[in-house]
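To start, the structure under review is shown below, and the notes come after it.
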Amino acid sequence: MNQDVTTSRVDRPALVVAALLLIAAALVFYDARSQTIVSTYGLGPTAMPYLVSTVLAILGLSHVVVAFREGLPKPEAVDRNAILWLTGGLIGLIACIGLGGGFIMATAIVFSCTARSFGRQALAIDFGIGAVLGLSIFLLFSKLLQLTLPSGPLENLF
(Lines give C-alpha, C1' and ligand atoms only; values in the text may rest on other atoms or scores of the structure.)
Protein backbone atom coordinates (compact mmCIF):
# COMPACT_ATOMS: atom_id res chain seq x y z
CA MET A 1 0.00 0.00 0.00
CA ASN A 2 1.27 3.44 -0.86
CA GLN A 3 2.22 5.39 2.29
CA ASP A 4 2.47 8.85 0.68
CA VAL A 5 -0.05 11.28 2.07
CA THR A 6 -1.82 14.14 0.41
CA THR A 7 -1.23 17.68 1.58
CA SER A 8 -4.55 18.96 0.29
CA ARG A 9 -7.07 20.09 2.88
CA VAL A 10 -10.16 18.56 1.24
CA ASP A 11 -10.44 15.28 -0.66
CA ARG A 12 -12.70 16.29 -3.55
CA PRO A 13 -13.39 12.76 -4.91
CA ALA A 14 -14.60 11.71 -1.44
CA LEU A 15 -16.94 14.71 -1.40
CA VAL A 16 -18.31 13.78 -4.83
CA VAL A 17 -18.93 10.20 -3.67
CA ALA A 18 -20.54 11.54 -0.49
CA ALA A 19 -22.88 13.76 -2.49
CA LEU A 20 -23.86 10.88 -4.80
CA LEU A 21 -24.51 8.57 -1.84
CA LEU A 22 -26.62 11.18 -0.07
CA ILE A 23 -28.61 11.87 -3.25
CA ALA A 24 -29.19 8.13 -3.69
CA ALA A 25 -30.29 7.87 -0.05
CA ALA A 26 -32.77 10.72 -0.52
CA LEU A 27 -34.20 9.18 -3.70
CA VAL A 28 -34.64 5.76 -2.09
CA PHE A 29 -36.22 7.35 0.99
CA TYR A 30 -38.60 9.41 -1.17
CA ASP A 31 -39.53 6.31 -3.17
CA ALA A 32 -40.20 4.34 0.03
CA ARG A 33 -42.42 7.16 1.37
CA SER A 34 -44.42 7.28 -1.85
CA GLN A 35 -45.30 3.56 -1.83
CA THR A 36 -48.93 2.90 -1.05
CA ILE A 37 -48.63 -0.79 -0.20
CA VAL A 38 -49.14 -1.44 3.49
CA SER A 39 -48.67 -4.55 5.59
CA THR A 40 -50.93 -5.78 8.35
CA TYR A 41 -48.19 -7.82 10.02
CA GLY A 42 -45.48 -5.41 11.11
CA LEU A 43 -42.72 -5.15 8.52
CA GLY A 44 -43.99 -4.40 5.07
CA PRO A 45 -42.51 -3.91 1.63
CA THR A 46 -41.16 -0.48 2.57
CA ALA A 47 -38.89 -1.79 5.35
CA MET A 48 -36.02 -2.68 3.03
CA PRO A 49 -35.96 0.64 1.13
CA TYR A 50 -35.85 2.48 4.45
CA LEU A 51 -32.94 0.29 5.56
CA VAL A 52 -31.11 0.84 2.27
CA SER A 53 -31.62 4.62 2.45
CA THR A 54 -30.33 4.66 6.03
CA VAL A 55 -27.20 2.70 5.09
CA LEU A 56 -26.59 4.95 2.07
CA ALA A 57 -26.95 8.04 4.27
CA ILE A 58 -24.49 6.64 6.83
CA LEU A 59 -22.00 5.87 4.05
CA GLY A 60 -22.44 9.35 2.58
CA LEU A 61 -21.87 11.06 5.93
CA SER A 62 -18.84 8.85 6.54
CA HIS A 63 -17.40 10.00 3.22
CA VAL A 64 -17.90 13.62 4.27
CA VAL A 65 -15.93 12.98 7.47
CA VAL A 66 -13.15 11.23 5.54
CA ALA A 67 -13.01 14.05 2.97
CA PHE A 68 -11.99 16.56 5.64
CA ARG A 69 -9.38 14.42 7.39
CA GLU A 70 -5.76 15.34 6.92
CA GLY A 71 -3.11 12.85 5.94
CA LEU A 72 -5.19 10.64 3.69
CA PRO A 73 -3.18 8.19 1.58
CA LYS A 74 -2.79 8.98 -2.09
CA PRO A 75 -4.99 6.78 -4.28
CA GLU A 76 -3.29 4.03 -6.23
CA ALA A 77 -2.99 4.15 -10.00
CA VAL A 78 -6.00 2.98 -11.98
CA ASP A 79 -5.74 -0.42 -13.68
CA ARG A 80 -7.48 0.39 -16.95
CA ASN A 81 -7.29 -3.19 -18.18
CA ALA A 82 -9.23 -4.43 -15.15
CA ILE A 83 -11.85 -1.72 -15.59
CA LEU A 84 -12.26 -2.63 -19.26
CA TRP A 85 -12.73 -6.34 -18.40
CA LEU A 86 -15.32 -5.48 -15.73
CA THR A 87 -17.15 -3.11 -18.05
CA GLY A 88 -17.05 -5.66 -20.85
CA GLY A 89 -18.44 -8.32 -18.54
CA LEU A 90 -21.35 -6.10 -17.51
CA ILE A 91 -22.07 -5.17 -21.13
CA GLY A 92 -21.91 -8.87 -22.03
CA LEU A 93 -24.31 -9.70 -19.20
CA ILE A 94 -26.83 -7.09 -20.35
CA ALA A 95 -26.48 -8.07 -24.01
CA CYS A 96 -26.79 -11.78 -23.28
CA ILE A 97 -29.98 -11.35 -21.28
CA GLY A 98 -31.38 -8.76 -23.69
CA LEU A 99 -30.73 -10.91 -26.75
CA GLY A 100 -32.22 -14.04 -25.21
CA GLY A 101 -29.04 -15.87 -24.23
CA GLY A 102 -30.41 -16.56 -20.77
CA PHE A 103 -29.27 -16.37 -17.18
CA ILE A 104 -26.70 -19.19 -17.25
CA MET A 105 -24.71 -17.80 -20.18
CA ALA A 106 -24.92 -14.27 -18.77
CA THR A 107 -23.59 -15.48 -15.42
CA ALA A 108 -20.74 -17.33 -17.13
CA ILE A 109 -19.79 -14.20 -19.08
CA VAL A 110 -19.78 -11.86 -16.09
CA PHE A 111 -17.95 -14.42 -13.89
CA SER A 112 -15.17 -15.06 -16.41
CA CYS A 113 -14.69 -11.36 -17.19
CA THR A 114 -14.57 -10.50 -13.48
CA ALA A 115 -12.00 -13.22 -12.82
CA ARG A 116 -9.93 -11.88 -15.73
CA SER A 117 -10.11 -8.36 -14.32
CA PHE A 118 -8.60 -9.69 -11.08
CA GLY A 119 -5.66 -11.05 -13.08
CA ARG A 120 -6.63 -14.69 -13.65
CA GLN A 121 -5.59 -15.89 -17.12
CA ALA A 122 -7.72 -19.07 -17.50
CA LEU A 123 -10.67 -17.49 -19.32
CA ALA A 124 -12.16 -20.75 -20.67
CA ILE A 125 -11.97 -22.49 -17.28
CA ASP A 126 -13.51 -19.46 -15.58
CA PHE A 127 -16.29 -19.47 -18.16
CA GLY A 128 -17.00 -23.11 -17.28
CA ILE A 129 -16.98 -22.34 -13.55
CA GLY A 130 -19.37 -19.44 -14.17
CA ALA A 131 -21.66 -21.71 -16.21
CA VAL A 132 -21.78 -24.29 -13.39
CA LEU A 133 -22.49 -21.55 -10.84
CA GLY A 134 -25.14 -20.05 -13.12
CA LEU A 135 -26.79 -23.43 -13.59
CA SER A 136 -26.79 -24.05 -9.83
CA ILE A 137 -28.30 -20.64 -9.11
CA PHE A 138 -30.85 -21.07 -11.89
CA LEU A 139 -31.98 -24.46 -10.58
CA LEU A 140 -32.15 -23.14 -7.02
CA PHE A 141 -34.25 -20.14 -7.96
CA SER A 142 -36.47 -21.69 -10.62
CA LYS A 143 -37.10 -25.17 -9.22
CA LEU A 144 -36.78 -24.76 -5.46
CA LEU A 145 -37.97 -21.17 -4.96
CA GLN A 146 -40.30 -21.09 -8.00
CA LEU A 147 -38.92 -17.73 -9.15
CA THR A 148 -38.49 -16.74 -12.77
CA LEU A 149 -35.06 -15.88 -14.17
CA PRO A 150 -34.29 -14.84 -17.77
CA SER A 151 -34.56 -17.91 -19.98
CA GLY A 152 -32.48 -18.87 -22.95
CA PRO A 153 -31.69 -22.09 -24.81
CA LEU A 154 -29.93 -23.72 -21.84
CA GLU A 155 -32.66 -22.83 -19.36
CA ASN A 156 -35.31 -24.35 -21.61
CA LEU A 157 -33.60 -27.75 -21.20
CA PHE A 158 -34.59 -27.72 -17.53
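The values are calculated or read from the model by the stated rules, or taken from the named source; none is laboratory data. What you see is a predicted model; the values in this text were computed from it and never measured. Quick reminder, even Gly has a Cβ in these numbers, built from the backbone with ideal geometry, and neighbours come from all protein chains shown. In case anyone asks, the SASA skips ligands and DNA or RNA and just uses the protein heavy atoms, side chains included. Shrake-Rupley method; radii C 1.70, N 1.55, O 1.52, S 1.80 Å.
Could you tell me the calculated FRET efficiency between Lys143 and Phe118, based on Cβ-Cβ distance and R0 = 25 angstrom, to the nearest 0.05? List each step's numbers first, then the result.
On the way: r = 31 Å, r/R0 = 1.25.
The value I calculate is 0.20.
Rounded to the nearest Hz, the phi-derived 3J(HN,Hα) couplings of the stretch 78-94 under the Karplus curve 6.51 cos²θ - 1.76 cosθ + 1.60 (θ = phi - 60°) are 7, 8, 5, 5, 5, 5, 5, 5, 5, 5, x, x, 5, 5, x, 4, 5, where x marks glycine and proline. For Cα pairs less than 8 Å apart in space and 6+ apart in sequence, what is the mean separation divided by the residue count of the chain, i.e. the relative contact order in percent? Across the chain, relative contact order equals 22 percent.
Roughly how many Å² is the accessible area per residue of the chain, as a whole number, for a 1.4 Å probe?
Details: 11060 Å² over 158 residues.
Solvent-accessible surface per residue comes out at 70 Å².
Cα centroid separation, the stretch 94-121 to the stretch 16-66: 30 Å. Extending 7 Å from the Cα toward the beta-carbon at both Val65 and Leu157 defines two label points whose distance is 5.2 nm. For the chain, the square roots of the Cα gyration tensor eigenvalues, ordered a ≥ b ≥ c, give a/c of at least 1.5 with a/b no greater than b/c, which places it in the oblate category.
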